[in-house]
Every structure is written in C-alpha cells, then in structure tokens.
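In what follows, a structure is listed as structure tokens, so that the remarks can point back to it.
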Amino acid sequence: MNMIMPDVIKQMKARSEPITLLTAYGYPMARIFDDVGIDIILVGDSVANTELGLESTKYMTMDEMIHHAKAVSRAVRKSLLVGDMPFESYQKDISKAAANAKRFINEAGCGAVKVEWFKYCPEVVRDILDSGIAVMGHIGLTPQTADELGGLKVQGKDVDAANKIIEQAVVLSGLGVFSLVLECVPDVLAKIITETVDIPTIGIGAGPYCDGQALVSYDMLGITRPRKPKFVKQYADIYSQIENAARNYKDEVKRRVFPDREHMYTMNPEEALKLRQSKSKG
Ligand code: KIV
C-alpha cells in the first residue's frame, strides 16, 4: 500500500470525508496509527514538550526533527507523513527553508512539510512549493511565535484578529498549500475559513466545522499529566497504566517476587552441579 498523497487529502474535502491527523514521534506509535488508517501522521515539533521536556517548540533543531521523522517513517506505509519544520529551519533564516524541507523528504521519507504562519511565511511557502514539495500551512495559534501572540491562547477572538487569520488562510491557499491546520480559534472563525478556502482545514481546538481534526497523540492518550487544553479529548489514560506498572514492578523486585521461574532461564541440573563443583574445587 502506498502513502496517501497530499492531493488525496485535498479530494477528501470535495467528498466531505473527515480527515484525521495525529502526531507521532517514534516507531511504535506511528505503526499503530498507520495500521488503524489515520490519514495524516505529523512528526510534530510538539515532540519538544511531549518527549524532550523542553518548555517551547522553538528549541527544536532540524537534526532532532529528522531523527524523529526517520523513526516514524520506518513505521508508515499508508498515512501521509508530514514533517513539521522547526523554528530554526525557516524562521531564523528564510533562505534555508527549501533546503531544510528537502531534508524531510529525502532523508526521512516525508510526503509533505508543515510551516507555521509568521511575517515571512508567504515567501517561505513559495520557495518550498517551487522546489516541488507539498506544504501544509498552520495558522491561528502558532506555538513557535506564541510570545508575539500573548502566549498559548485562543486566537482570533475579535473581528480584527479574526480577519487577519482569514487573510492568512486566503494567502496560503492562493499560494498552493494543500491544507491548513487551524489551531485554537473560535468555531465561527474556523467555519468561515473552511467555507472560504477550497483546501481542507484541519482543526485542533477549532471546533467541529473544519474538514478534519488533529490532536497531539500524547494529549489524547493521556501519556503526560500537565494541565491539558480544553479542546483535548482524552481517549485513554496511559499515564495511570504506566504508573501502576512501574509501582507493581518496584514492589515485586523489592519483595523478591520478580523474577519467578516463569521469567528466568535454568541450566540442566547435571551441568549446574558440574559447574558448582568446578568452582568449589578451585
Ligand atoms: O507540533 C504539533 O503537534 C502541531 C499540532 C498542534 C498540529 O503542530
């Protein structure tokens, strides 16, 4: 089975077929998401927070993103694999954007890259598209530049702010991005954008009117335990399961219950006796 192409994601909007996106940062989870038929697997720079314990996605490097993207890529057979361009790969020096996007494709086997809106986003998107690489845009709350947006907060809450985000959507879709992530915006704004552009909108904290939905896998699986945003629906409580397992393991080792005979290797008794005798002679 081949990887879903960006054009197929575009066609899903025309067919009114909801699009699913989950983030993955390593092989095992990506394998499961691909097997269940998640349409898009994003190697998100949210790996900074979820896996690496960093305060901001802004600190992710290109080399670190490639390392994770390669691991995810080994698992992906069907889903569209999207590499999330880290801040340093295009916002620090826009002339490096296309070359860095190419690394996601050539080194990690991604089918597209994602870039967040910032001042020079249109120039960057144009360069990457000109190099033949499909681009997913990301507007609304853009964590890489959250400092300029007043923090990790809902965006587009008044008419002026909402109009700016609509404008960004129109610019990016006009340039030819194949889809748009809308993060943390009111449902009415997401609806207007979804009806305005002919490419799919994929919401995360953007309500039900988008063409697709995204979630950070670690949030929806309940792997980490920081305060989760209102929009996150938790479909599992993996944190508690890991906590219980670790407690039970500790308890059994301390009480010398583990390992038991079922979880160990034994030697033929004759050989064991010979071994002991040879050691006691010496
Ligand atoms: O990095 C990430 O997880 C993302 C999602 C919010 C879509 O960009």
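It is to be established whether one or more residues within segment 108-123 are assigned to a helix (DSSP H, G or I) and touching a Lys or Arg at 6+ places or on another chain (Cβ under 6 Å). Step through it out loud before you land on a result.
From segment 108-123, those assigned to a helix (DSSP H, G or I) are 121-123; that's our starting set.
In the following step, the residues that additionally are touching a Lys or Arg at 6+ places or on another chain (Cβ under 6 Å) were identified as none.
No, because not a single residue in segment 108-123 is assigned to a helix (DSSP H, G or I) and touching a Lys or Arg at 6+ places or on another chain (Cβ under 6 Å).
Within segment 61-80, is there a residue that is closer than 27 Å to E195 by Cα and either buried (at least 20 other Cβ atoms within 10 Å of the Cβ) or within 16 Å of the chain's Cα centre (by Cα) (or both)? It would help to see each step written out before you state the result.
So in segment 61-80, the residues closer than 27 Å to E195 by Cα come out as 79-80.
Then keep just the ones that are either buried (at least 20 other Cβ atoms within 10 Å of the Cβ) or within 16 Å of the chain's Cα centre (by Cα) (or both); that gives 79-80.
For segment 61-80, residues closer than 27 Å to E195 by Cα and either buried (at least 20 other Cβ atoms within 10 Å of the Cβ) or within 16 Å of the chain's Cα centre (by Cα) (or both): present.
Give F104, F33 a once-over and let me know the one that is in contact with a Leu (Cβ under 6 Å, 6 or more places away or on another chain), in a helix (DSSP H, G or I) and modelled with pLDDT of 95 or more. It would help to see each step written out before you state the result.
Working: F104 fails: in contact with a Leu (Cβ under 6 Å, 6 or more places away or on another chain).
After applying the criteria, what remains is F33.
Report, by residue number, each residue of segment 42-83 that is within 15 Å of the ligand (Cβ to nearest atom), closer than 11 Å to A24 by Cα and not in a loop (DSSP other than H, G, I, E, B).
Within segment 42-83, L42, V43, V47, T50, H68, A69, V72, L81, V82, G83 qualify.
So which residues in segment 84-101 are of a type in the set (K, R) and not in a helix (DSSP H, G or I), if there are any at all? Reasoning before the result, please.
Step one: list which residues in segment 84-101 are of a type in the set (K, R), which gives 92, 96.
Of everything in segment 84-101, just one residue is of a type in the set (K, R) and not in a helix (DSSP H, G or I), namely K92.
The values are calculated or read from the model by the stated rules, or taken from the named source; none is laboratory data. All figures in this text were calculated on a predicted structure; none of them were measured in a lab. Methodologically, a virtual Cβ is constructed for each residue, glycine included, from the backbone with ideal geometry; neighbour enumeration extends over all protein chains shown.
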